[in-house]
Amino acid sequence: MTTTDMDKEPVAGLTAASSCIRLSLCLDDGGKPSPPCHFFPVYTHQCFPDEFISGWRPMTSAEESSQQVYQRWRYGSVGDTSAASIGENHSSYKHVDGEHKQLDVNVLLSPSCDKCKIDVQTISYNKGEPASKKAKRVTFEEADGEAKNELGIEEVIKKIQSSVPPIVSVAINGAATTIVEGAKSDNTDFNYLSHPIGNVVKSYNRAIKYSNGTIEEGDFVITLAKGSDPSVAFYHNLIQKLARWFIETADDVNISDDNGGFWSVLYLFRKHDDKSPDDGTSTFRYSLAGYTTLFHFHAPFRKPNPGIIVRICQALILPMYQRAGHGSELLLCVHEYADRYLNDYSSLSTGMDIVEVNVEDPAPGFVALRDFVDYKRFVSLTDSVFSTIGKPEPDLKYLTKYPVTSKEYFLAAPDGGLTFSSLLKITRRQAEIMHEIYKLAALEKWKQGTRDEEQIQLVETNYRLMIKKSLKSHRTEELGACEGGKEEQKALLAKWFDQTHNHYRKLLGLV
């Protein structure tokens with residue numbers, strides 16, 4: 001990739017490989033998906049390391065769509081680009097320049113995502129042999145003299161196989177094939193779940209906005225399932241491979257393994273009402289919409305109190321349900337589970353309470369989600385009567401002790417965030433971040449009532465110094481690695497502040 005490409009978070013359908021692969025959730029009785037249920041992968045590097053499929057380029061329509069995705073991803077919108085950039089693609093396309101064979105691999109997912117069918121369509125200008133019979137060949141690029149391996153369809157499918165549920169059938173250009181061991185004929189039934197996996201902890205209604213503009217109301221349930229349950233572990237082992245397309249570092253985990261701790265899973269299922277045409281009675285069935293895995297481990301030396309730490313390891317919402325608030329619902333359920341753990345789930349533990357919820361290596365998108373949810377909880381906590389959650393009211397007078405215009409207002413929490421981290425069951429660093437966002441919200445509210453530009457500049461300087469002091473204390477190694485001395489450190493701190501400030505403003509809806 002170019003430096004520009006490497007510095008940005010990828011999106012679905014951006015690369016040459018991701019434009020050759022579609023995933024389709026089959027939600028109608030015929031086992032065939034409607035157009036809005038198609039979605040492209042974000043990541044393909046676990047199957048195709050350089051984000052392209054050697055010897056193949058996407059279908060024309062998919063490549064044109066990928067160009068538009070790239071324009072928006074790199075420049076902000078399709079219309080704002082220069083004439084020179086029109087038709088520009090992601091750097092992965094340079095590996096397929098000049099290829100005349102086009103590929104579309106449609107992974108048809110069952111409603112429960114526990115199995116799939118593969119439907120391959122190819123267009124080849126080398127019509128001497130069927131695509132399914134093409135062998136792996138070696139050609140040579142005259143520009144650099146390096147050999148390039150052209151992948152046959154069978155090898156493409158075998159690479160994809162590691163990132164999809166069990167394949168029950170494969171068809172290439174309409175013809176069934178047995179190139180995948182165990183695959184059967186195309187008439188294998190796709191079934192919904194007759195009941196959700198785990199125990200229902202929350203039900204709600206949410207609009208589903210499809211890519212073609214259609215809006216449909218849907219019912220959803222969130223369930224909690226124990227990884228030690230063999231049926232849960234079996235189901236999760238079937239579906240978890242899908243995460244590789246959407247989570248950069250996703251890998252399979254054995255949720256039945258209790259070595260060093262134990263696992264739980266929060267599943268998000270869509271609830272479908274299958275009414276009888278005869279008497280109108282309802283029979284409910286369920287399809288997968290997402291999940292998050294939770295690893296629990298004991299922290300006997302954690303301060304101020306020992307207990308169980310819950311680590312969010314993977315969180316996935318299928319693309320057709322994204323940007324509808326489901327991620328927030330799942331994350332809130334994690335914290336509700338942590339708050340009720342000792343009273344309602346004591347059979348899962350040795351009597352220790354959950355004292356912290358944290359996240360394993362979160363992607364930028366999940367950082368924003370976590371901060372958004374945690375800030376809502378932070379504000380709710382400051383506005384509530386603390387006795388209602390069985391906790392003594394903490395001393396929060398420091399939040400209102402000084403006016404926004406004083407330097408003292410922008411001091412760190414007296415206890416370093418310990419009170420908030422304990423009450424909200426988050427890390428101390430996360431409590432500090434909530435404190436910083438809270439101060440920014442107060443600053444912005446104060447600014448609305450004054451026109452004193454000199455005073456505004458002074459208050460904003462106090463806030464900036466608070467944030468830089470916090471960044472400096474938490475990123476000492478990176479600052480120490482600066483070879484340019486104090487000037488380089490100063491420039492780096494300024495860059496970090498701008499990034500942090502912009503992130504906080506977005507969370508507050510100010511951008």
>> Test of understanding: what is the full-extension gain from Glu248 to His45, defined as 0.36 nm times their sequence separation minus their Cα-Cα distance?
In response: 72.2 nm
> Once amide H atoms are built 1.01 Å from N in the peptide plane, which residues 5 or more positions from Val201, or in another chain, come under 5 Å H to H?
Replying inline: Ile222, Thr223, Leu224
> Using r as the Cβ-Cβ distance of Arg340 and Glu88, and R0 as 51 Å, what FRET efficiency do you calculate, to the nearest 0.05?
Replying inline: 0.50
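For Thr450 and Lys486 in one chain, what is 0.36 nm times their gap in residues minus the Cα-Cα distance, to one decimal in nm?
Contour length minus the Cα-Cα distance gives 9.4 nm.
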> Of all trypsin sites (Lys or Arg not before Pro) in the range 263-337, which ones are in loop regions per DSSP and have a Cβ with at most 16 other Cβ atoms within 10 Å?
Replying inline: Arg302, Arg323
> Heavy-atom accessible area per residue, the chain, 1.4 Å probe: how many Å²?
Replying inline: 51
>> For the range 202-257, what are Rg and Dmax over the alpha carbons, in angstrom?
In response: 15.3, 43
> Round to a whole number: what % of the accessible area of the range 415-511 belongs to carbon and sulfur, probe 1.4 Å?
Replying inline: 48
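Assigning unit charges at the beta carbon (Lys, Arg +1; Asp, Glu -1) and nothing else, what dipole magnitude in debye, to the nearest 20, does the range 399-511 show about its Cα centre?
Magnitude of the dipole: close to 320 debye.
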> Using modelled amide H (1.01 Å from N, peptide plane; none on Pro or chain starts), what sits under 5 Å from the amide H of Ile208, excluding residues fewer than 5 places away?
Replying inline: Glu216, Glu217, Gly218
>> Helix 428-447 against the longest principal axis of the chain: what's the angle in degrees, Cα atoms only, rounded to the nearest 10?
In response: 70
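How large is the charge dipole for the chain, taken about the Cα centre, if only the Cβ atoms of Lys, Arg (+1) and Asp, Glu (-1) carry charge, to the nearest 20 debye?
Dipole of the chain, to the nearest 20 debye: 900 debye.
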>> Classify the range 379-511 from the C-alpha gyration tensor, please: rounded if a/c falls under 1.5, else prolate or oblate depending on whether a/b exceeds b/c.
In response: oblate
> For the chain, what is the calculated [θ] at 222 nm in deg cm²/dmol (nearest 500), taking -39500 (n - 2.57) for each run of four or more DSSP H residues and dividing by its residue count?
Replying inline: -10000 deg cm²/dmol
> Where a ≥ b ≥ c are the square roots of the eigenvalues of the C-alpha gyration tensor, would you call the range 156-286 rounded, which needs a/c under 1.5, or, failing that, prolate if a/b is larger than b/c, or oblate?
Replying inline: oblate
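Leaving out ligands, DNA and RNA, and with a 1.4 Å probe, what % of the accessible surface on the range 166-314 is carbon or sulfur?
Values: 3630 of 7500 Å².
Summing carbon and sulfur atoms, their accessible area is 48 percent of the total for the range 166-314.
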> Taking the Cα-to-Cβ direction at Lys407 and at Ser328 and moving 7 Å from each Cα, how far apart do the two end points lie in nm?
Replying inline: 3.9
> In the range 170-239, which trypsin sites (Lys or Arg not before Pro) fall in coil by DSSP and have 15 or fewer other Cβ atoms within 10 Å?
Replying inline: Lys184
> By how many nm would the segment from Ser211 to Lys468 lengthen if fully extended, with 0.36 nm per residue of separation less the alpha-carbon distance?
Replying inline: 88.4 nm
> Using modelled backbone amide H atoms (1.01 Å from N, in-plane), which distant-in-sequence or interchain residues come within less than 5 Å of Val359's amide H?
Replying inline: Ile312
> How far is it, in nm, from the label point at Lys8 to the one at Asp361 when both lie 7 Å from their Cα along the line to the Cβ?
Replying inline: 2.4
> So how do 211-219, 331-339 stack up, highest first, on mean other-Cβ count within 10 Å?
Replying inline: 331-339, 211-219
>> Using DSSP to call loops (not H, G, I, E or B), can you name the GluC sites (Glu not before Pro) in the range 449-511 whose Cβ has at most 10 other Cβ atoms within 10 angstrom?
In response: Glu483
>> If I model a spin label at Ser380 and Asp415 as a point 7 Å from the Cα along the Cα→Cβ vector, what separation in nanometres do I get?
In response: 2.1
>> To test your reading of the geometry: what angle, between 0 and 90 degrees and rounded to tens, separates the Cα axis of helix 364-383 from the longest principal axis of the chain?
In response: 30
> Magnitude of the Cβ-charge dipole of the range 422-482, K/R +1 and D/E -1, about the Cα centre, nearest 20 debye?
Replying inline: 300
> Here are some pairs, Lys8/Lys241; Lys202/Lys495; Lys401/Lys425; Lys303/Lys468; Lys8/Lys407; Lys447/Lys495; which of them have Cα atoms lying more than 31 Å apart in this structure?
Replying inline: Lys202/Lys495; Lys8/Lys407
> Is the range 425-486 best put as rounded, prolate or oblate by its Cα gyration tensor, with a ≥ b ≥ c the root eigenvalues, rounded for a/c under 1.5, and otherwise prolate when a/b is larger than b/c, oblate when not?
Replying inline: oblate
> Helix 230-239 versus the longest principal axis of the chain: what is the Cα-based angle in degrees, 0 to 90, to the nearest 10?
Replying inline: 70
> Between the range 304-335 and the range 445-511, what's the alpha-carbon centroid distance in Å?
Replying inline: 29
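The values are calculated or read from the model by the stated rules, or taken from the named source; none is laboratory data. These figures come from a predicted structure and were not determined experimentally. Note that each Cβ is placed from the backbone with ideal geometry, even for glycine, and that neighbours are counted across all protein chains shown. Areas reflect the complete protein model, heavy atoms only, side chains present, ligands, DNA and RNA absent. Shrake-Rupley method; radii C 1.70, N 1.55, O 1.52, S 1.80 Å.
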